[in-house]
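The values are calculated or read from the model by the stated rules, or taken from the named source; none is laboratory data. If you're wondering where the values come from, they're calculated on a predicted model, not measured in any experiment. When we count neighbours, we look across all protein chains shown, and the Cβ atoms used for this are built from the backbone with ideal geometry, even at glycine. Just the protein is used for accessible areas: all its heavy atoms, side chains included, with ligands, DNA and RNA removed. Shrake-Rupley method; radii C 1.70, N 1.55, O 1.52, S 1.80 Å.
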Amino acid sequence: MKRGREEPGWLRGEPPPRWARIAPVVALVVLVLAQVLTPGDVELGFFLAALPPVAAFAYGALGTAIFAAIVLLLLGVHQLGVAHARGTDLATVAVVCVLSVVIALVRQRRDAQLVSVRTVAEAAQLAVLPPVPERVGRVCCSGLYRAAQRGTLVGGDLYDVRAGPHGVRALVGDVQGHGLAAVATVAALLGAFREGVIDDAGLAAVAGRLDRRLVADARAASVEHPELFATAVLLEFPPGLDLVRIVSCGHPPALRLRGAAVEELAVEPGPPLGLGFAGPTPATVAELPLRPGDQLLLHTDGVTEARDAAGHFYPLAARVPVLARDPGGLVRAVWRDLAAFTDGGPRDDVALLLLSLDGPG
């Protein structure tokens, strides 16, 4: 599942688009035909000297060399009637052709390095925040992530769903800031959450573990992160029970879809993670029953704080009943609707996670 925004392949070190490879050939043919059709006292052939540098950005070293050889042939062989280059003029064009081949060779190597670096970066980011599986235990999952910073797969939002001895637990969070600067904090929180899924018997204890993780990181890097914090909501689906336990740490409330009705879950919010408040006083755990067909939609503020051209906030709760009927799935329908609402997509990280119980407890 791709979570990053799509970019033009040419800018990612991939082969240039077809039009870029065709353009130099078309220009070559047009110039030659124009020279043949114009009077003999008008020379257009010398414009051919500008084509090898253009070809260097579309072809490799070998392709550019062949293109340059064709240009030199057209300019140097007077019988062809394209141009009448001699002496220093032809030598100058030859130097341009050689430089074009060198440029093509350097570009080719750079593109190969970009592909290698991007492949490693994507693998590292996916290791930090892998796509959510369609099913974890008896919980059906559907997630969508879009990073605000172009070219990245992970930003300042996070989510995860894990099964452990105390049931299936889920986390959706939003770290202060976004982009690559927040990735280290995202990785630390996810690591602490995955440990808590296994070790901590209560959901409040998991929240306390995450809080302590951020407090420790802020102290270790007090100059760089003087106010390191994150909002989060944690869910627990205990085994054998048709209910969900929720802890909110300053995060936007989750939505419950029950038929055509959508409502915000009434959960007493606690302070954000990283402020040190979860240590002495356990977080408040709310327990809500679930009926067959209930769905829980968790999101970050990148969704609800997105604005349209007039400055209006995106009305997620009002839009969900309509979007839930989309055959492509609710989370993807929300993203498409959000992108249209904001005319291209919000400028903040976006995370959406849809959860539902599959079958009786």
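Can you give the accessible area per residue of the chain, in Å², using a 1.4 Å probe? It would help to have the intermediate numbers written out before the result.
Details: 17740 Å² over 361 residues.
The answer is 49 Å² per residue.
What do you get for the angle between helix 330-341 and the principal long axis of the chain? Use alpha-carbon atoms, 0 to 90 degrees, nearest ten. Once rounded, the angle reads 60 degrees.
Using a 1.4 angstrom probe on heavy atoms only, work out the carbon and sulfur share of the accessible area of the chain in %. Result for the chain: 62 percent of the exposed heavy-atom area is carbon or sulfur. The string of couplings for segment 135-150 from the Karplus curve (6.51, -1.76, 1.60, θ = phi - 60°) is 8, 10, x, 9, 10, 8, 10, 8, x, 9, 9, 9, 7, 6, 7, 5 Hz, one whole number per residue in order, with x for Gly and Pro. Between the amide H of Thr300 and those of Ala351, distances stay under 5 Å, these residues lying 5 or more places away or on another chain, with hydrogens modeled in the peptide plane. If you look at the Cα atoms of the chain, you get an Rg and a Dmax of 29.3, 93 Å. When only Cα pairs below 8 angstrom with a gap of at least 6 residues are kept, segment 303-361 shows a relative contact order of 35 percent. Once both labels are positioned 7 Å from their Cα atoms along Cα-to-Cβ, the gap between Leu90 and Val117 label points is 4.3 nm. When you restrict to C-alpha pairs under 8 Å that are six or more residues apart and normalise by the size of the chain, the relative contact order lands at 15 percent. Estimated at the nearest 10 Å², the accessible area of Thr342 is 20 Å² with a 1.4 Å probe.
To the nearest ten degrees, helix 183-199 and the longest principal axis of the Cα atoms of the chain are 40 degrees apart. Against the criterion of solvent-accessible heavy-atom surface with a 1.4 angstrom probe, Glu268, Glu236, Glu122 sort, most first, into Glu268, Glu122, Glu236. The accessible area of Glu305, taken with all protein chains in place and a 1.4 Å probe, comes to roughly 110 Å².
Computed from Cα atoms, the angle from the helix 87-128 axis to the main principal axis of the chain rounds to 10 degrees.
Amide H to amide H, with H built 1.01 Å from N, Ala254 comes under 5 Å of Leu265, counting only residues 5 or more places away or on other chains.
With a 10 Å radius around each residue's Cβ, average the other Cβ atoms per peptide and rank 346-355, 129-138, highest first. Walk me through the numbers on the way to the answer.
Details: 346-355: 22.7, 129-138: 15.9.
Going from most to least packed, we get 346-355, 129-138.
Residue by residue through segment 258-269, what is 3J(HN,Hα) from phi via Karplus (6.51 cos²θ - 1.76 cosθ + 1.60, θ = phi - 60°)? Round to whole Hz and write x for glycine and proline. Ordered by residue, 3J(HN,Hα) equals 10, x, 8, 8, 10, 9, 6, 6, 7, 10, 5, x Hz. Taking amide hydrogens as placed 1.01 Å from N in the peptide plane, the amide H of Val168 sits under 5 Å from those of Phe237, each at least 5 positions away in sequence or on another chain.
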